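The values are calculated or read from the model by the stated rules, or taken from the named source; none is laboratory data. This is a predicted model, so every value here is computed, not measured. Reconstructed Cβ throughout: ideal geometry from the backbone, glycine too, with neighbour counts over all protein chains shown. Side chains are part of the model used for accessible areas, which takes the heavy atoms of the whole protein and leaves out ligands, DNA and RNA. Shrake-Rupley method; radii C 1.70, N 1.55, O 1.52, S 1.80 Å.
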Amino acid sequence: SQSILQNHYNYILTYLNVNGKNDYFQAEIDNRKLIDPMNGKYRKPKGLREPIFNERYLFNNTPNVIFLVEGIYDALSVESVGGKAIALGGTGHRRFLDLVERNQPETTFIISVDNDEAGDRLRDNLQNGLQKLGVKVKVQPVPVGKDFNEFLMNNPKGAAFYVRRTIGFCLEHR
């Protein structure tokens, strides 16, 4: 099992907790042709509940603007051009909304999920849930591609401009 993890799962994505410590990770297979019943796309620790990627932003030192995206690579893409992002991934929106309700972070959430059917459902659920909580929310679809990672890969300068412009707009209209 260890050799399979070493040979096929070369992408290790760590999750920082509210104290800045790594307490969760997922590994991603590097060759999609190797996905089979024994080797899934991801490997995650057994027995641990997967946190929301970057959920720490909801607890302390909350950024003024947080992008809500679906995947970890989308969140890392937003962060690589100067924004802050939370990836909801497979954890769903309900847990996220529960954390927002409990912590009442003073931020503006930018919903920038995937441009597909699943993203449409998630966008609607997030927007409705955040509005019911009285939290500042803005829907800002990724202008190019399926998701933020694809946008960044195809147009790095455009992605950086999009993030800066969106943050600037939100800060001006607080």
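A few remarks follow.
- Magnitude of the charge dipole for segment 125-174, about its Cα centre and with charges confined to Cβ atoms of Lys, Arg (+1) and Asp, Glu (-1), is about 180 debye.
- Overall, the accessible surface of the chain at a probe of 1.4 angstrom is composed of carbon and sulfur to the extent of 49 percent.
- Across the protein chains, with a 1.4 Å probe defining accessible surface, the residues 58, 152 rank 152, 58 from largest area downward.
- Under 17 Å from the Cα of residue 41 - lysines, other chains or at least 8 residues apart: 33
- In this structure, the amide hydrogen of residue 147, modeled 1.01 Å from its nitrogen in the peptide plane, lies closer than 5 angstrom to those of 115, counting only residues at least 5 positions away or on a different chain.
- Of all DSSP beta bridges in the chain, antiparallel share, percent nearest 5: 45 percent
- Per residue, the convex hull spanned by the alpha carbons of segment 69-113 comes to 70 Å³.
- Taking amide hydrogens as placed 1.01 Å from N in the peptide plane, the amide H of residue 53 sits under 5 Å from those of 87, each at least 5 positions away in sequence or on another chain.
- Candidates per chymotrypsin sites (Phe, Trp or Tyr not before Pro) in segment 56-159, loop by DSSP, up to 15 other Cβ within 10 Å: 59
- Straight-line reach from residue 136: taking Cα to Cα under 20 Å and skipping same-chain neighbours fewer than 8 places apart, the lysines in range are 84.
- Fluctuation leader among 63, 45, 37 - the chain, Gaussian network, Cα springs under 10 angstrom: 37
- Segment 105-174 gives an Rg/Rh value of 0.99, both radii derived from C-alpha positions and Rh following Kirkwood.
- Radius of gyration, Dmax [segment 76-140; alpha carbons; angstrom]: 11.6, 31
- Here the extension length gained between residue 24 and residue 12 equals 3.3 nm, from 0.36 nm per residue of separation less the Cα-Cα distance.
- Volume per residue that the Cα convex hull of segment 11-154 spans, once the total is divided by residue count, Å³: 125 Å³
- Probe 1.4 Å, protein heavy atoms only - accessible area per residue of the chain in square angstrom: 56 Å²
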